[in-house]
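The values are calculated or read from the model by the stated rules, or taken from the named source; none is laboratory data. Owing to the predicted nature of the structure, the values given are computational and were not obtained by experimental measurement. Glycine gets a Cβ as well: all are built from the backbone with ideal geometry, and neighbour counts include every protein chain shown. Ligands, DNA and RNA are stripped out before the accessible areas are found, and what is left, the full protein with its side chains, is counted by its heavy atoms. Shrake-Rupley method; radii C 1.70, N 1.55, O 1.52, S 1.80 Å.
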Amino acid sequence: MVDRLANSEANTRRINIVEHCFGAAGQPLTIPGRVLIGEGVLTKLCRKKPKARQFFLFNDILVYGNIVIQKKKYNKQHIIPLENVTIDSIKDEGDLRNGWLIKTPTKSFAVYAATATEKSEWMNHINKCVTDLLSKSGKTPSNEHAAVWVPDSEATVCMRCQKAKFTPVNRRHHCRKCGFVVCGPCSEKRFLLPSQSSKPVRICDFCYDLLSSGDMASCQPTRSDSYSQPLKSPLNDVSDDDDDDDSSD
């Protein structure tokens, strides 16, 4: 099916429409062999609150962006190579239902579909594309992924020291290794995580000690570690713009 569509006029036209919707700021998407598998609106769990994002699934990449005008204009394009992607289902929590994790070495996040059927279709199609890509390339699935950031609204106090309360003065930060919401004093150090940045990035003291000792795996939290608290209503914006993934999302 994918091979048959690869060089069809209909497929080329669909991809050109997507390019046009992102405008001049978006990256070119038309290359030989690329096929647009499907598209739709998913709710992405961002740092401050869940937000609607337009997603496009191709046979080799996943593209998403902000919705400016539905079906007509999108911005802040993100392109994720599928061969680096792994996905995991998420249990329903309150209003956040039909979700799964999209995990890559550079960035990981949760998304939610409108229905269980839609979730199943997205996950099946993504898995099929990843499997096909790895089969053709002979590569093995990625076993490294960036931490999923805990939303600001889930932490009223530092998740490491459990003492510092967040206020407009004492602002939130995120550890780039474990994804925890931490205070400034608990995250003063930087460490080079090559898969995420060419420069040292903010990490918490706990992860810094483990990374410095060579124990890379122990500071990678599981989903249950990061999301042990119930979701609360979003708080006032007291987060640090330097650490806010929404500033580039």
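Filter segment 1-35 down to residues that are at pLDDT 90 or above and among the acidic types (Asp, Glu), then give me how many there are.
Within segment 1-35, residues that are at pLDDT 90 or above and among the acidic types (Asp, Glu) number 2.
On the basis of being in a loop (DSSP other than H, G, I, E, B) and open to solvent by less than 30 Å² (accessible area, probe 1.4 Å), does residue 34 make the cut?
Yes: the conditions hold for residue 34.
Being in contact with a strand residue (DSSP E or B) (Cβ under 9 Å, 6 or more places away or on another chain), at pLDDT 95 or above, farther than 30 Å from residue 180 by Cα and not assigned by the TED database to the domain that holds residue 178 is the requirement here; does residue 63 meet it?
So residue 63 fails the test.
Can you name every residue in segment 190-208 that is more than 23 Å from residue 84 (Cα to Cα) and either touching a Pro at 6+ places or on another chain (Cβ under 6 Å) or modelled with pLDDT under 95 (or both)?
Result: 190, single match.
As an exercise: evaluate residue 240 against (1) under 20 Å from residue 145 (Cβ atoms); (2) modelled with pLDDT under 70 and give the number of the one condition it does not meet.
For residue 240, the exception is condition (1).
Which residue is surrounded by the most Cβ atoms within 10 Å (Cβ to Cβ), if the candidates are limited to segment 153-185 and must be farther than 29 Å from residue 96 by Cα and out of contact with any strand residue (DSSP E or B) (no Cβ under 8 Å at 6 or more places or on another chain)?
185
For segment 117-152, name all the residues that are of a type outside the set (Phe, Trp, Tyr), part of a loop (DSSP other than H, G, I, E, B) and open to solvent by less than 80 Å² (accessible area, probe 1.4 Å).
Selection gives 138, 142, 145, 146, 147, 150, 151.
Which of the residues belonging to segment 177-209 are part of a loop (DSSP other than H, G, I, E, B) and either of a type in the set (Val, Ile, Thr) or out of contact with any helix residue (DSSP H, G or I) (no Cβ under 8 Å at 6 or more places or on another chain) (or both)?
The answer is 183, 184, 192, 193, 194, 195, 196, 197, 198, 199, 200.
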